[in-house]
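The values are calculated or read from the model by the stated rules, or taken from the named source; none is laboratory data. On a predicted model such as this, the values are computed, not experimentally measured, just so you know. So basically every Cβ, Gly included, is an ideal-geometry build from the backbone, and we count neighbours across all protein chains shown. With ligands, DNA and RNA removed, areas are computed over all heavy atoms of the protein, side chains included. Shrake-Rupley method; radii C 1.70, N 1.55, O 1.52, S 1.80 Å.
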Amino acid sequence: MIDFKRSEAEKKIARRAFDAALKKECAAVMQKFKGLAAKAEYPEDIWAIHDFLTEQRRTIDYKYDYRYSQLIVVFGRLLRESWIEDKDLVGLSEEKLAAIRHIASF
């Protein structure tokens, strides 16, 4: 992996995009959780909801890695999954944007 240098402005852009994507994905999980909880009728439904939340927690904890060495890959995945858009990354260098888009294309 290429070690990209980051300006203070790029660090702020990255943090803002990262936090917004995390908030957006957590809101989607919350919405799904509320739907599952509203439909729950039986005791075993509780455990299905628990399993859903556990899986979502693992996925989010794995995906949202804010180490600078991982951000290009993280942003590529978030772009591919539509949790962020190109406009969220405006201000990053063209080299970083190209690497993010390349990863998103996988």
Only one of 45, 88 is within 18 Å of residue 105 (Cα to Cα) and surrounded by 13 or more Cβ atoms within 10 Å (Cβ to Cβ), namely 88
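Any idea which residue in segment 62-85 is most open to solvent (accessible area, probe 1.4 Å), counting only those that are over 13 Å from residue 18 (Cα atoms) and modelled with pLDDT of 95 or more? Full working, then the answer.
Quick first cut of segment 62-85, residues over 13 Å from residue 18 (Cα atoms) only: 62, 69, 80-81.
Still in the list and also modelled with pLDDT of 95 or more: 62, 80-81.
On the way: 62: 172, 80: 104, 81: 65 Å².
That would be 62.
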Could you give every pair whose Cβ atoms fall below 8 Å, whose first residue belongs to segment 81-92 and is on the phi > 0 side of the Ramachandran plot and in a loop (DSSP other than H, G, I, E, B), and whose second residue is of a type in the set (Asp, Glu) and at pLDDT 95 or above, counting only separations of at least 6 or pairs across chains?
-> 91/10
Only one of 24, 12, 5 is in contact with a Phe, Trp or Tyr (Cβ under 7 Å, 6 or more places away or on another chain), open to solvent by 60 Å² or more (accessible area, probe 1.4 Å), of a type in the set (D, E, K, R) and within 27 Å of residue 105 (Cα to Cα); which?
-> 24
Assess whether residue 77 counts as being assigned to a helix (DSSP H, G or I), free of Cβ contacts under 8 Å to residues at least 60 places away in the same chain and under 17 Å from residue 99 (Cβ atoms).
-> yes
